[in-house]
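Some notes on the structure that comes next.
The values are calculated or read from the model by the stated rules, or taken from the named source; none is laboratory data. In this text the structure is predicted, and so the values were computed from the model without any measurement. FYI the Cβ positions are ideal-geometry reconstructions off the backbone, even for glycines, and counts take in every protein chain you see. SASA here: full protein model, heavy atoms, side chains in, ligands and nucleic acids out. Shrake-Rupley method; radii C 1.70, N 1.55, O 1.52, S 1.80 Å.
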Amino acid sequence: MNLSKLKSAATAVALAAAAAGANAQEPVKVGAVLEVTGPFASIAKQIENGMRLYMARNGDTVAGRKIELIIKDSTGAQPDVAKRLVTELVTRDKVDFVVGFGLTPNAMAAAPVVTEAKVPTIIMNAATSAIVSKSPYMARVSMTLPQVTMPIAQWAVKNKIKRVYSLVADYGPGLDAEATFKKTFTGAGGEIVGEVRTPLKNPDFGPYIQRIKDAKPEAVFIFLPAGEQGISFMKGYRERGLAEAGIRVIGPGDVVEDDIIEAIGDSALGAVTTHHYSAAHDSAANRDYVKAYTDKFKMRPNFMSVGGYDGMHVVYEVVKKLNGKLDPDKAMEIIKGMKIDSPRGPIQIDPNTRDVVQTVYVRKVEKKNGQLYNIEFDKFENVRDPGT
Ligand code: PHB
């Protein structure tokens, strides 16, 4: 065959492919908005790793279509930047899914854009209760603060803790955590002996910690966004001798999450928290997950990574069930009620609220093989977001 014949044969093949199904060979575009740089970069890293691990383990082609991941950097808690990036993803890149969002303000800013553009959106971490109610095209695979906080309030009551000081980051998830803890704990006769809200990016907890010590509570209830602030708080807790003063650390699991627990060191020992995921979760699926993640990224997975992993699983399921022919309303119908086997155990997307329903575990920081872990010892099953 000479060159011109070859060329016309190739054109004929291309035309036939186009006629067979215009979209069949186009990639499915997944646009992720993450805090890739700036003070919350550790959150984005875990979410991105989780997504990439899911793709590596499950192949990058579903129902004949390649899955293309486009990552945009919101650079931190920057709702204006996040809104612009989501707008670019839906108008210029024409993505089929929007995913990601470590932080609440960024997820909130995305809601009107994905609603208008009708793009299915999977929240992989941001955990203020109200987020998914802001758009019928949003669903969440991570957690809500009320969902993971109510169990620790119940645990505190059951364990005869009576006097608690509350410290939370002063924005959506912190306010949700504070409201949920107070309602459940004081409702059962507990007393809040002091409370403080700290700036979203707070470098030094020393002065707050001294006030907590002076108030002589039995425990400090704490919510800080995952990452460095947990290390900083626990450093102050150690330096100012709160453990010796008999003040325990309780709260949702973010303050002793798997990414920072070794950096905190032994002062984390004994902290009791409730959360949906621990790298020490005792199941074959989780052991496989932790091994695959650690082999690939040379670090320990935390709950954020599982949000990325499971969120990508949802995307794959939708593409599979629609046989590659994507439609936003059909996608949302598939997502509603979807059940997934997560490394944390089974989860479901509530068909009415599009929020995650899951087991919340009670855990205590202990040493295992010389390393610090959140060891699960009790659980609350089928927990929904109780709202605030
Ligand atoms: C949030 O901004 O919603 C958020 C961030 C970090 C967390 C939990 C919630 O650890």
Considering residues that are part of a loop (DSSP other than H, G, I, E, B) and touching a strand residue (DSSP E or B) at 6+ places or on another chain (Cβ under 6 Å), the number found within the range 140-161 is 2
Is it the case, given these coordinates, that residue 345 is out of contact with any Leu (no Cβ under 8 Å at 6 or more places or on another chain) and within 17 Å of residue 306 (Cα to Cα)?
yes
In contact (Cβ under 8 Å) with a residue 24 or more places away in the chain, within 11 Å of the ligand (Cβ to nearest atom), open to solvent by 10 Å² or more (accessible area, probe 1.4 Å) and within 17 Å of the chain's Cα centre (by Cα): is that true of residue 107 in this structure?
no
Scanning the range 219-262 residue by residue, the ones that are touching a Leu at 6+ places or on another chain (Cβ under 7 Å), within 12 Å of the ligand (Cβ to nearest atom) and charged (D, E, K, R) total 1
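Residue-by-condition table, conditions (1) over 30 Å from residue 340 (Cβ atoms); (2) under 18 Å from the mean Cα position of the chain (by Cα):
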position	(1), (2)
217	yes, no
221	yes, no
249	yes, no
253	no, yes
266	yes, no
281	no, yes
291	no, no
Please state which one of 114, 157, 141, 148 is open to solvent by less than 10 Å² (accessible area, probe 1.4 Å), over 17 Å from the mean Cα position of the chain (by Cα) and either within 20 Å of residue 253 (Cβ to Cβ) or more than 15 Å from the ligand (Cβ to nearest atom) (or both).
114
Being touching a residue at least 24 places away in the same chain (Cβ under 8 Å), farther than 18 Å from residue 348 by Cβ and in contact with a Pro (Cβ under 6 Å, 6 or more places away or on another chain), is that true of even one residue in the range 312-325?
no
Somewhere in the range 353-362, is a residue of a type outside the set (S, T, N, Q) and surrounded by fewer than 16 Cβ atoms within 10 Å (Cβ to Cβ)?
no
Does residue 133 satisfy being in contact (Cβ under 8 Å) with a residue 40 or more places away in the chain, hydroxyl-bearing (Ser, Thr, Tyr), farther than 19 Å from residue 218 by Cβ and surrounded by 24 or more Cβ atoms within 10 Å (Cβ to Cβ)?
no
Residue 161 passes all but one of (1) within 30 Å of residue 81 (Cα to Cα); (2) touching an Asp or Glu at 6+ places or on another chain (Cβ under 9 Å); which number fails?
(1)
Against the condition buried (at least 24 other Cβ atoms within 10 Å of the Cβ), of a type in the set (Ser, Thr, Tyr) and either modelled with pLDDT of 95 or more or away from the ligand (no atom under 16 Å from the Cβ) (or both), how does residue 267 come out, does it pass?
no
Looking only at the range 85-104, and only at residues there that are more than 16 Å from the ligand (Cβ to nearest atom) and within 23 Å of residue 347 (Cβ to Cβ), the one that is surrounded by the fewest Cβ atoms within 10 Å (Cβ to Cβ)
96
Show the residue pairs meeting these rules: Cβ distance below 7 Å; 6+ apart or different chains; first residue within the range 69-94 and closer than 20 Å to residue 201 by Cβ; second residue hydrophobic (A, V, I, L, M, F, W, C) and open to solvent by 50 Å² or more (accessible area, probe 1.4 Å).
73/36; 79/108
Restricting attention to the range 367-378, report how many residues are surrounded by fewer than 16 Cβ atoms within 10 Å (Cβ to Cβ) and either within 20 Å of residue 145 (Cβ to Cβ) or touching a Leu at 6+ places or on another chain (Cβ under 8 Å) (or both).
2
